[in-house]
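First up is the structure itself, then whatever we jot down about it.
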Amino acid sequence: MAFDFSGKVVLVTGAASGIGLAVARHFLAAGATVVATDIDPDALLSVTVPPETASRWRTRRLDAADAADIEAGVDWLSREFGRLDVLVNNAGLARLESISDLTEAAIDLQFAVLLKGPMLASKAALPLLAEADGAIVNIASIAAIIQAGGHACYSACKAGLVKFTRDLAKEHARVRSNVILPGFIDTPILKAYGEGAALEAIKADLATHIPRGRLGRPEEIADAVLFLSSPFAAYISGAELVVDGGVTATPLETM
């Protein structure tokens, strides 16, 4: 299956590393003009792309939790390109803390980045996307559908994103809206669990709970994003695509 996004404009949030960077690079390789955004502009500037694609690679600092910043970013994109074909709401963060340790500030931050941000970005981008018969792909997590200690706020936000995606597909049918639920993917976000040898040990332990026997790669989530954004998925909207190596097919008592 070959993806061709020539002439298309794609906006990716949280694109400086991990899944977001893999998604941005995949779209670039498929011919799209990519607007890669992140709250860390220095990290974006450190990303290298093939010289022949440089004219289609644009970066912009964007706080995906700030309404004014989101609106300004979409306005700039509209003036610069006059169209938007795909929005990928990927920006995220992970915090490992029990419910009893949650502070109001921690709850507000996670809600702002993981749920409010995609809502605001989708709302801002809808007019442009509707003109292009475009697509929104939200990046949630299997935490939205399974229970795991230390992730209550994160899980609740991701579950909300799944529901928001379905409502969005219903209310604005001209824009196809789908959500991907990644499992354990080998990205920098895993540093929430530890660093160095301790992190490698955690990764090895996680792999024992994955039927496929390994953590996922960011590029494997990017493949799913491109599929859902492509004409191959023209009749798919409001869908939840789990990409987890079989984790959610495993009886919970074995996890």
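Structural remarks
- Residue within the stretch 226-233 that is without any contact (Cβ under 8 Å) to a residue 24 or more places away in the chain, over 21 Å from Leu21 (Cα atoms) and not basic (Lys, Arg) present: yes
- Restricting the stretch 88-129 to residues that are assigned to a helix (DSSP H, G or I) and of a type in the set (S, T, N, Q), the residue that is most open to solvent (accessible area, probe 1.4 Å): Ser100
- Scanning the stretch 5-22 for residues that are in contact (Cβ under 8 Å) with a residue 60 or more places away in the chain, open to solvent by 20 Å² or more (accessible area, probe 1.4 Å) and not in a helix (DSSP H, G or I) yields Lys8, Ser17.
- Consider the stretch 191-216 and keep the residues that are closer than 20 Å to Gly14 by Cα and free of Cβ contacts under 8 Å to residues at least 40 places away in the same chain. The one that is most open to solvent (accessible area, probe 1.4 Å) is Lys191.
- Every condition in (1) crowded, with 17+ Cβ neighbours inside 10 Å; (2) out of contact with any Lys or Arg (no Cβ under 9 Å at 6 or more places or on another chain); (3) aromatic (Phe, Trp, Tyr) is met by Phe232 except one, and the failing one is (1).
- Of the residues making up the stretch 48-61, at least one is among the β-branched types (Val, Ile, Thr) and either modelled with pLDDT under 95 or open to solvent by 80 Å² or more (accessible area, probe 1.4 Å) (or both).
- Of the numbered criteria (1) closer than 24 Å to Arg174 by Cα; (2) open to solvent by less than 40 Å² (accessible area, probe 1.4 Å), the one Leu28 fails is (1).
- Trp76 satisfies every condition listed in (1) open to solvent by less than 50 Å² (accessible area, probe 1.4 Å); (2) of a type in the set (Phe, Trp, Tyr); (3) under 24 Å from Leu228 (Cβ atoms) except (3).
- Residue pairs meeting the criteria (Cβ under 8 Å; at least 6 apart or on separate chains; first touching a residue at least 12 places away in the same chain (Cβ under 8 Å), in the stretch 23-47; second open to solvent by 50 Å² or more (accessible area, probe 1.4 Å) and among the acidic types (Asp, Glu)): His26/Glu219; His26/Asp223; Ala30/Asp4; Gly31/Asp4
- Scanning the stretch 164-173 finds no residues that are modelled with pLDDT under 95 and open to solvent by 60 Å² or more (accessible area, probe 1.4 Å).
- Residue pairs whose Cβ atoms lie under 7 Å apart, sitting 6 or more positions apart in sequence or on different chains, and linking a residue in the stretch 88-116 that is under 14 Å from Cys157 (Cα atoms) to a partner that is in a loop (DSSP other than H, G, I, E, B) and among the polar types (S, T, N, Q), are Asn89/Thr13; Asn90/Thr13; Ala91/Thr13.
- The sole residue among Ala156, Ala143 that is without any contact (Cβ under 8 Å) to a residue 60 or more places away in the chain, farther than 20 Å from Gly18 by Cα and either of a type in the set (S, T, N, Q) or open to solvent by less than 70 Å² (accessible area, probe 1.4 Å) (or both) is Ala156.
The values are calculated or read from the model by the stated rules, or taken from the named source; none is laboratory data. Since this is a predicted model, take the numbers as computed values, not measurements. As a convention, Cβ positions derive from the backbone with ideal geometry for all residues, glycine included, and neighbour counts pool all protein chains shown. Heads up: the accessible areas ignore ligands, DNA and RNA and are worked out on the full protein's heavy atoms, side chains in. Shrake-Rupley method; radii C 1.70, N 1.55, O 1.52, S 1.80 Å.
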